[in-house]
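Enquirer: Below is a structure I'd like to ask you about.
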Amino acid sequence: MRIVVTGAAGLVGSAAVQHFGATGLTHRDLDITNATAVQKMIADLRPDLIVNCAVIGVDECERDPALARAVNVDGPANLARVAPSIVHFSSNYVFDGRDERFYATDDVPRPINEYGRTKLDGERAVAELCQRAFIIRSSWIFGRGKESFISTVHRRLRAGERVRAVSDVWASTTYVRDLVESVAEIIDNNVYGLHHVVNAGVCSNETFALDAARIVGADPQLVEPASTGEVHHTARPRYTPLLTTKPLRDWREALAAYIQSEP
Ligand SMILES: NC(=O)c1ccc[n+]([C@@H]2O[C@H](COP(=O)([O-])OP(=O)(O)OC[C@H]3O[C@@H](n4cnc5c(N)ncnc54)[C@H](OP(=O)(O)O)[C@@H]3O)[C@@H](O)[C@H]2O)c1
């Protein structure tokens, strides 16, 4: 199967290229908002499957809603219109997180920020335009090559650095390697449609950091709890863990595996 990954330089994109032995197209190689360039790519590479990992993140979406819509909605639509089959990633932030419970795929999404709204519209556009679409909602993904809080906090703590960790926002978290392995299984079994793929359990950035401290033997006092309002400019939904049909290993086990492979 010929697989092309778009947004290939990012966290999920680079893991997908590696796992699938796919052709990776970075932003520089292909801007997914350019419909003509997308059509040319299809004609040149003739992929059987496109794995779309291009995205505009939470804070940038709030700063530039037009760009957010172009990349998170129109770009995926450009790909879905011409792809024989597509994997498209979405997010727990399609939910409002007002109730303290896990969200299932048939729960009604009610996004509270621009990222969530564009991710929801993106998944709907892809589902409408491509019959063989796999829509994968994941949450707080960590792994190699990303300078995010959850991907780097173990190194900062080991170095003795104090970290401020948000303690009042809760969600599932996901090791990128577990994510791509699970997506590969979904593709192999041709299970088209909407899926939630996350590690089991629920965490806040604070409990995540405390567990990272435990694993690397750092002083837990280095983790300073903070409210989301103190740390983030953009509102995050408060409690959005995802219910999965096929549970992956617990996030603590996945975090230990990540730290062992990327000390
Ligand atoms: N990371 C998470 O915690 C998380 C959680 C839930 C869901 N997801 C979903 O997982 C998917 C992948 O996220 P990620 O964390 O891997 O993102 P990422 O690390 O931020 O990578 C996104 C990539 O998209 C590229 N890109 C931006 N605009 C583009 C365009 N117009 N055309 C082509 N490429 C473009 C970026 O390149 P430049 O930087 O060069 O612009 C970047 O390499 C997304 O659908 C996201 O919503 C992520």
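The values are calculated or read from the model by the stated rules, or taken from the named source; none is laboratory data. No experiment lies behind these values; they were computed from the predicted model shown. Cβ: placed from backbone, ideal geometry, glycine included. Neighbour counts: every protein chain shown. Note: areas computed on protein heavy atoms with side chains; ligands, DNA, RNA excluded. Shrake-Rupley method; radii C 1.70, N 1.55, O 1.52, S 1.80 Å.
Enquirer: Could you name every one of the helices (runs of 4 or more DSSP H) located completely within segment 12-123 that has at least 1 residues being under 26 Å from Arg2 (Cα atoms) and in the same structural domain as Ile136 (by TED's automatic domain parsing)?
Expert: 35-45, 75-82
Enquirer: Further question: As an exercise: evaluate Leu157 against (1) more than 16 Å from the ligand (Cβ to nearest atom); (2) outside the structural domain of Gln18 (by TED's automatic domain parsing); (3) surrounded by fewer than 23 Cβ atoms within 10 Å (Cβ to Cβ); (4) of a type outside the set (Gly, Ala, Ser) and give the number of the one condition it does not meet.
Expert: (3)
Enquirer: Also, quick follow-up: Could you grab me the full set of residues in segment 134-154 that are more than 12 Å from the ligand (Cβ to nearest atom) and in the same structural domain as Asn189 (by TED's automatic domain parsing)?
Expert: Phe134
Enquirer: Identify, from the list Ala54, Ala80, Ala43, the residue that is closer than 23 Å to Cys130 by Cα and touching a Cys at 6+ places or on another chain (Cβ under 9 Å).
Expert: On inspection, the qualifying residue turns out to be Ala80.
Enquirer: Something else about it: Residues of segment 235-263 being touching a Gly at 6+ places or on another chain (Cβ under 6 Å), open to solvent by 70 Å² or more (accessible area, probe 1.4 Å) and in a helix (DSSP H, G or I), which ones?
Expert: Of everything in segment 235-263, nothing turns out to be touching a Gly at 6+ places or on another chain (Cβ under 6 Å), open to solvent by 70 Å² or more (accessible area, probe 1.4 Å) and in a helix (DSSP H, G or I).
Enquirer: Using beta carbons and a limit of 6 Å, which pairs, at least six apart or on different chains, have the first residue in segment 25-51 and within 12 Å of the ligand (Cβ to nearest atom) and the second one acidic (Asp, Glu) and not in a strand (DSSP E or B)?
Expert: Filtered contacts from segment 25-51: Thr33/Asp74.
Enquirer: Exactly one condition in (1) closer than 24 Å to Asp178 by Cβ; (2) open to solvent by less than 10 Å² (accessible area, probe 1.4 Å) is false for Gly75; which is it?
Expert: Going through (1) closer than 24 Å to Asp178 by Cβ; (2) open to solvent by less than 10 Å² (accessible area, probe 1.4 Å) one by one, Gly75 breaks only (1).
Enquirer: Related question: Conditions first: (1) open to solvent by 20 Å² or more (accessible area, probe 1.4 Å); (2) over 21 Å from Val94 (Cβ atoms). His232 passes all but one, so which condition is the exception?
Expert: (2)
Enquirer: Of the conditions (1) in contact (Cβ under 8 Å) with a residue 12 or more places away in the chain; (2) part of a helix (DSSP H, G or I), Leu194 clears all except one; give me its number.
Expert: Here Leu194 meets the rest and fails (2).
Enquirer: Quick one: would you say His19 is open to solvent by 30 Å² or more (accessible area, probe 1.4 Å), at pLDDT 95 or above, under 21 Å from His196 (Cβ atoms) and within 14 Å of the ligand (Cβ to nearest atom)?
Expert: yes
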